[in-house]
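Let me begin by presenting the structure, written as structure tokens, before commenting on it.
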Amino acid sequence: MNRKMIMAVHMTGPIAVGALIYGMASPDVIFIKKASDFIGKTIQIPVFSADDVFLRLVRNYVPDMMWGYSLVFALFFIIGNHAADVWMVFWIAFPFSAAMEMMQKASFVPGTFDVFDIFAEFFAETAAACMIHQLYSREEF
């Protein structure tokens, strides 16, 4: 697999996983409703109950983590061209994702604000930056 393909997998795979989690755990979220409107059909995925504490944590935080992870890889793909740029990309991604959460609090963006979303995104974006640094620290992308 070449590097661009690996980057594409790291950008799209987590988004697909997050969408699947949203679709299975709570098909009434804005993302799934908009996707249904876009394709013109109702998205029907077998739904599991989010009564369990672990499943609620997965439903509430993993999709945000997947979004943050993908964001760092996408920004690195667009902006960065070698591992030295990964931390610059991280310092663009984290304030952006924190600002998106704050806009939910101010009702500029639809969604539910949760300060732990910011921590989850920070964790995922840090993991993505470390992954990029490990993958591309010896050679230019």
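The values are calculated or read from the model by the stated rules, or taken from the named source; none is laboratory data. It should be emphasised that the depicted structure is a prediction, and the values quoted were computed from it without experimental measurement. All Cβ positions, glycine included, derive from the backbone under ideal geometry; neighbour counts span all protein chains shown. Quick note on the areas: whole protein, heavy atoms, side chains included, nothing else; ligands and nucleic acids left out. Shrake-Rupley method; radii C 1.70, N 1.55, O 1.52, S 1.80 Å.
Screening the candidates 88, 24 for the property of being open to solvent by 40 Å² or more (accessible area, probe 1.4 Å) and either modelled with pLDDT of 85 or more or closer than 30 Å to residue 136 by Cα (or both) yields one hit, 88. When the test is whether a residue is touching a residue at least 12 places away in the same chain (Cβ under 8 Å) and loosely packed, with under 13 Cβ neighbours inside 10 Å, residue 116 passes it. Restricting attention to the range 100-112, the residues being modelled with pLDDT of 80 or more and surrounded by 13 or more Cβ atoms within 10 Å (Cβ to Cβ) number 6. List the pairs whose first member sits in the range 78-92 and is within 19 Å of residue 67 (Cβ to Cβ), whose second member is among the acidic types (Asp, Glu) and at pLDDT below 85, and whose Cβ atoms are under 8 Å apart, counting only residues at least 6 apart or on separate chains? Final answer for the pair search is 79/85.
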